[in-house]
Amino acid sequence: MRLYEGMFIISDTVAGSDWEAAVKHVEDLLKSRGAEILKSEKWEDRKFAYKLKGHKRGVYLLIYFNAPTDSISLIKRDFELSDNVLRTLIVKVDKIKESKPVEEMQANGDGTDTENEEMNSTPTEPVVSE
């Protein structure tokens, strides 16, 4: 068993009508292939730059799970066949990352981290070379 992070984009129509059923659908697909759900977190509803399977918006769902390595290709195939899940990204991770609540991300603007902004900002004093 290995630790994975899965990001799933759920159809906005499905998520809007019954979010719990949408999450249960994703978790059931994972569990059917031997995965153990460790953490599940709803992210915000977002507008897409282009249509995905005819949808302009979607709700993001982040799930950390343990699964057998050989089952990942089958899990990805199951999600490709699902009408409720528009996109899937599954990656191997070493540990579960702590994330900020949606309210805190919205308070920062578009979800950027203020610490990263400080590190990437240009210096206020000009650099003088000799």
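Every read-out reported here was derived from the displayed coordinates using simple, explicitly stated rules and does not represent laboratory data. In this text the structure is predicted, and so the values were computed from the model without any measurement. Note that we place each Cβ from the backbone using ideal geometry, even for glycine, and neighbour counts take in every protein chain shown.
A few comments on the model shown:
- Restricting the range 1-67 to trypsin sites (Lys or Arg not before Pro) in coil, as DSSP defines it, with at most 13 other Cβ within 10 Å: 53
- For 94, 12, order by how many other beta-carbon atoms lie within 10 Å, fewest first: 94, 12
- The range 2-107 shape via C-alpha gyration tensor axes, a/c threshold 1.5: oblate
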